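The values are calculated or read from the model by the stated rules, or taken from the named source; none is laboratory data. Model, not experiment: these values are computed from the prediction. Please note: Cβ atoms are built from the backbone with ideal geometry, for glycine as well, and neighbour counts cover all protein chains shown. All accessible areas refer to the heavy atoms of the entire protein, side chains included, with ligands and DNA or RNA removed. Shrake-Rupley method; radii C 1.70, N 1.55, O 1.52, S 1.80 Å.
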Amino acid sequence: MSEHGKFIGFAGTYTKAGSEGVYTFTLDTKAKKIVEVKAVAKIENPTYLNASKDNEHLYTVIKEGEKGGVAAFKVDPNTGQLKFVNKQLLDGAPPCYVSVNEDNTLVLSANFHKGSVETYSVNEETGEIEYVASVVEHPHSDLKKGQQGKPHVHYADFTPGEKHVAVVDLGIDKIVTYEVEENKLKEVNSFSTSVGSGPRHLTFHPNGRYAYAMTEFSSEVLFLTYDESKGSFTQQQAVSTIPADFTENNQGSAIHISSDGRFVYAGNRGHNSIATFKVDQDSGQLTFIEWTGTEGDWPRDFVLDPTEQFIVASNQETGNLVLFERDKESGKLTLLQSNVTVPEAVCVKFLHYK
């Protein structure tokens, strides 16, 4: 647990306008405020980031000229300051998602523009990204009418227990499951969502048997059951994340679940809200609770703080972080603070606290 109830977080951004790169901030849970916002890594378009489980290292997306890849930083867990370690770049557009396994030996990245998922071998002691271990490109061949025209991988992360890697492809409406063999990915299963729904992100229930996928185009949460032995997903439910009478543009963004498995939260860009759902612990089915406005435009991401008494959301177009207090019994959110400036904010993450 953090001393004095303070927790260090990071924000990844685009750097097309006023942003300098990666920002750090502190959540003061006693004062119920976000404080000490500062730029800590001046790199281009670090749009997504994730810390190693031991809080020693931070891995971010990076763009350099006509190349893109992943950068590694050493973290000062007391201040949030970052020290550059190294980077690995590939030709073409940068990825949009980065994750790291429990023992800090393998980093994954999802590449929206290339329709690929990459694995990077990591030195668990130094945090250095040693080499690109594999690149898997999703096929164009099985596209159907209403889809994007080509693969667009938006998420690649480890399943609970890390037996598999789940890769969400918005372009071909699929969640593909892989095994990792010698840091390379081997496909073991594939699940298709409805055509044109555009699955974007995924979160698992703590029981490991339920998963919830957010779709970008149909603005739905898909409740899926997960069979770890086969790496297979089966859809059980689809619930809208926006009001039935909302006819303006909306694109689903992030999805997260409370660690007790009782509430799922889903982000809406356009409706500019977070939708809250209650989880039936026996069936996994979702029941809608409420929408909470994000006090800004285009909420790209949000995160539960380590105490889960708060949620921090990031509005990309208005460049502000927003702090909500979370009622652990009802799941409902109450606005606390919305004037925290982080230009072009995309991704928000906290260090891991026990």
**Asked** Considering the zone a paramagnetic label at Glu325 would reach in this model (a point 7 Å from Cα along the Cα-to-Cβ line), which residues of the stretch 6-42 have amide N under 17 Å from it?
**Response** 6, 27-35
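For the stretch 61-161, with all protein chains present and a 1.4 Å probe, just round the carbon and sulfur fraction of the accessible area to a whole percent. All intermediate terms of the calculation are to be shown ahead of the outcome.
Working: 2070 of 4410 Å².
The nonpolar share, carbon plus sulfur, comes to 47 percent.
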**Distribution of pairwise C-alpha distances over the chain, 10 Å bins, in %** = 6, 26, 37, 26, 5, 0
**Asked** From the phi of every residue in the stretch 7-21, what ³J(HN,Hα) in whole Hz does the Karplus formula 6.51 cos²θ - 1.76 cosθ + 1.60 yield, where θ is phi - 60° and glycine or proline is x?
**Response** 10, 8, x, 10, 10, x, 9, 7, 10, 7, 10, x, 7, 9, x
**Asked** Of the residues Glu248, Glu64, Glu124, which exhibits the maximal mean-square fluctuation in a Gaussian network model of the chain defined by a 10 Å Cα contact cut-off?
**Response** Glu248
**Message:** Between Glu36 and Leu336, what is 0.36 nm times their sequence separation minus the Cα-Cα distance? Round to one decimal in nm.
**Reply:** 106.3 nm
**Prompt:** How large is ³J(HN,Hα) for each residue in the stretch 36-52, as worked out from phi by the Karplus curve 6.51 cos²θ - 1.76 cosθ + 1.60 (θ = phi - 60°), to whole Hz, x for Gly and Pro?
**Reply:** 6, 7, 7, 6, 10, 8, 8, 9, 8, 6, x, 6, 9, 8, 8, 8, 5
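Put Trp298, Trp291 in order of accessible area, largest first, 1.4 Å probe: what do you get?
On the way: Trp298 50, Trp291 95 Å².
Largest accessible area first, the residues go Trp291, Trp298.
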**Prompt:** So if R0 is 45 Å, what FRET efficiency would Asp54 and Asp282 give, r being the distance between their Cβ atoms, rounded to the nearest 0.05?
**Reply:** 0.80
**the stretch 182-317: radius of gyration over Cα atoms, expressed as a fraction of 2.2 N^0.38 Å** = 1.05
**Whole-Hz couplings from phi, Karplus 6.51/-1.76/1.60, listed for the stretch 339-349; x for Gly and Pro** = 9, 8, 7, 9, x, 6, 5, 10, 10, 10, 9
**Prompt:** For the chain, modelled as a Gaussian network with Cα springs under 10 Å, which listed residue fluctuates most, His138, His201, His154?
**Reply:** His138
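State the Kirkwood hydrodynamic radius of the stretch 40-114 in Å, one decimal place, computed from all pairs of distinct Cα atoms. Working shown, then result.
On the way: mean 1/r = 0.0808 Å⁻¹.
It works out to 12.4 Å.
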**Message:** What would the Debye equation give as log₁₀ I(q)/I(0) for the stretch 241-351 at q = 0.09, 0.10, 0.16 Å⁻¹, counting only Cα atoms as equal point scatterers?
**Reply:** -0.21, -0.26, -0.66
**Request:** Distance check, please: which entries in Lys53/Lys230; Lys16/Lys83; Lys53/Lys186; Lys63/Lys87; Lys186/Lys349 exceed 20 angstrom between their Cα atoms?
**Result:** Lys53/Lys230; Lys16/Lys83; Lys53/Lys186; Lys186/Lys349
**Item:** Straight-distance crosslink candidates among lysines, where the alpha carbon sits under 17 Å from Lys150 and sequence neighbours closer than 8 are dropped
**Value:** Lys114, Lys174
**Prompt:** What do the square roots of 5 times the Cα gyration tensor eigenvalues come to for the stretch 21-72, in whole Å, largest first, as semi-axes of the equivalent ellipsoid?
**Reply:** 26, 14, 7
**Prompt:** In bins 5 Å wide, starting from 0, what share of all Cα pairs of the stretch 123-227 does each bin hold, as a percent?
**Reply:** 2, 12, 22, 22, 18, 13, 7, 3, 1, 0
